[in-house]
Amino acid sequence: MITIAFDVSLDQGGFRLELADEAQVEVMGLFGPSGSGKTSLLEVIAGLRRPSRGRVVVGDETLVDTGQRLDRPPHQRRVGYVPQDGALFPHLDVRRNVIYGASRSDSHLQSPGSRLDHITATLDIAQLMGRHVRELSGGERQRVAIARALMSSPRILLLDEPLTGVDRNRRERILPYLLRIRRDLHVPLVYVTHDARELAEIADRVLRLEDGRLVAAGSAPSVLGPQSA
């Protein structure tokens, strides 16, 4: 488990994000309609957006503290971020996409070769390493994007709707791989989805957002009710 704590304000045009929470979690789920602030919160944690006010702490490290004028750049945060489209490099094959993540790792972390073997085994993508990105299915692309993020040895992994566009049968096959990340690689997740049943399977804490505000927090059944059944 890892402590995730934030108390932030972010203004984006006519939208205002005002969120605060603190918990020890393995998987924190973010749930709510489009435009509720889920992706914005991920981008604040990743360092892609700077809050107008607030503080973000992951584990024992403060990433942002506007009161102290602290704002660590993204490459110093050890935060893995997989956006909705995965953002794979189309001109590189799978192996080079995955290994790219290691170039941003600190030198003291586990050797890239050893980590590559562990990650490809966990996500079951070793057989894909020689293929081109255009040859991959939607689910395979997502696993490759996650592997690339994990190669940077993140302290936490942010997943923005990783199963969007993947049919129900494939979702049920991919979810166990995400659980392996938590179990075998010991990397906590912040997981965004519109699917309550996904959160019921994977998250030990769920935050429900509406219009940039936190309206409920707790276990999936307590926050989502019958939707998660």
**Message:** Given the criteria touching a Phe, Trp or Tyr at 6+ places or on another chain (Cβ under 9 Å), touching a residue at least 60 places away in the same chain (Cβ under 8 Å) and under 24 Å from PRO221 (Cα atoms), does PRO188 qualify?
**Reply:** no
**Prompt:** Which condition number in (1) more than 25 Å from GLY59 (Cα to Cα); (2) out of contact with any strand residue (DSSP E or B) (no Cβ under 8 Å at 6 or more places or on another chain); (3) surrounded by fewer than 17 Cβ atoms within 10 Å (Cβ to Cβ) is the one that LEU179 fails?
**Reply:** (1)
**Item:** Tabulated pairs, the range 198-222, first among the polar types (S, T, N, Q), second part of a strand (DSSP E or B) and crowded, with 17+ Cβ neighbours inside 10 Å, C-beta under 8 angstrom, 6+ apart or interchain
**Value:** SER219/ARG205; SER219/VAL206
**Message:** Regarding the range 118-133, can at least one residue be identified that is under 30 Å from PHE15 (Cα atoms), surrounded by 23 or more Cβ atoms within 10 Å (Cβ to Cβ) and in contact with a helix residue (DSSP H, G or I) (Cβ under 7 Å, 6 or more places away or on another chain)?
**Reply:** no
**Request:** Mind telling me which of the residues VAL56, VAL44 ends up being under 18 Å from the mean Cα position of the chain (by Cα), surrounded by 13 or more Cβ atoms within 10 Å (Cβ to Cβ), at pLDDT 95 or above and not in a strand (DSSP E or B)?
**Result:** VAL44
**Prompt:** LEU179: farther than 19 Å from ALA5 by Cβ, assigned to a helix (DSSP H, G or I) and in contact (Cβ under 8 Å) with a residue 24 or more places away in the chain, yes or no?
**Reply:** no
**Prompt:** Restricting to the range 135-169, what's the tally of residues that are farther than 27 Å from GLU43 by Cα and at pLDDT below 90?
**Reply:** 2
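Please go through the range 64-80 and pick out each residue that is among the hydrophobic types (A, V, I, L, M, F, W, C) and touching a Ser or Thr at 6+ places or on another chain (Cβ under 7 Å).
LEU70
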**Message:** Of everything in the range 130-145, what is assigned to a helix (DSSP H, G or I), farther than 18 Å from LEU159 by Cα and not aliphatic (A, V, I, L, M)? Give them in sequence order.
**Reply:** ARG134, GLU135
**Message:** If the requirement is being closer than 18 Å to ALA217 by Cα and either small (Gly, Ala, Ser) or at pLDDT 95 or above (or both), which of these qualifies: GLU26, GLU18?
**Reply:** GLU18
**Item:** Complete set of residues in the range 205-229 that are assigned to a helix (DSSP H, G or I) and either surrounded by fewer than 23 Cβ atoms within 10 Å (Cβ to Cβ) or aromatic (Phe, Trp, Tyr) (or both)
**Value:** PRO221, SER222, VAL223, LEU224, GLY225, PRO226, GLN227, SER228
**Message:** Which residue is nearest to ALA149 (Cα to Cα), if the candidates are limited to the range 113-129 and must be assigned to a helix (DSSP H, G or I) and touching a residue at least 40 places away in the same chain (Cβ under 8 Å)?
**Reply:** ILE119
**Within the range 190-204, considering residues that are over 13 Å from LEU163 (Cα atoms) and surrounded by 23 or more Cβ atoms within 10 Å (Cβ to Cβ), the one modelled with the lowest pLDDT** = ALA203
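The values are calculated or read from the model by the stated rules, or taken from the named source; none is laboratory data. The structure presented is a predicted model; accordingly, all values stated were derived computationally and were not measured. Every residue, glycine as well, gets a Cβ built from its backbone with ideal geometry; the counts of neighbours run over all protein chains shown.
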